[in-house]
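Each remark here refers to the structure printed beneath this line.
Just so it is clear, none of the values below were taken in a lab; they were calculated from the coordinates. Remember, predicted model here, so these are calculated numbers, not experimental data. Cβ sites come from the backbone with ideal geometry, for glycine too, and all protein chains shown count toward neighbours.
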Amino acid sequence: MHHIDAHPWISVQDMYDILAETLSYRRSYGGSLDALADVFADMGAYLFGGDPAATGTVLAIAGFDTLPAIDSRTAHVILGAFARQARLTGRTAIPCCAWSDS
């Protein structure tokens, strides 16, 4: 389980930096929304951020509501990527990704 606090984010770049650090992927790999969607998909295959011996990977983002204030489009796309992964989780039973507004 990975915990991220989005409250201090002041730019989308902050989001990319923290996600790369937290999930242990090269920052250059996840520098766009398309690449970040690939990272989330790769998490399900345990290429980033998870341990295949574990029951899955959970990404808990406190203060996610900070992101729409910075860039609403990015927030919308990120939520869409989470939703896609949640649907895949239902099919593959590999848990991935959650968020929190607290």
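How large is ³J(HN,Hα) for each residue in region 10-19, as worked out from phi by the Karplus curve 6.51 cos²θ - 1.76 cosθ + 1.60 (θ = phi - 60°), to whole Hz, x for Gly and Pro?
Residue by residue, region 10-19 yields 10, 8, 5, 4, 4, 4, 4, 4, 5, 4 Hz.
Subtract the Cα-Cα distance of residue 35 and residue 74 from 0.36 nm times their separation in residues, and report this length gain in nm to one decimal.
On the way: separation 39, 0.36 × 39 = 14.04 nm, distance 1.26 nm.
Here the segment from residue 35 to residue 74 would lengthen by 12.8 nm.
What distance in nm lies between label points placed 7 Å from Cα along the C-beta direction at residue 24 and residue 65?
Those two pseudo-labels are separated by 3.3 nm.
Give me a comma-separated list of calculated 3J(HN,Hα) values for region 66-72, in order, Karplus coefficients 6.51, -1.76, 1.60 applied at θ = phi - 60°, integers in Hz, x for any Gly or Pro.
My calculation for region 66-72 gives 5, 5, x, 5, 7, 7, 5 Hz in order.
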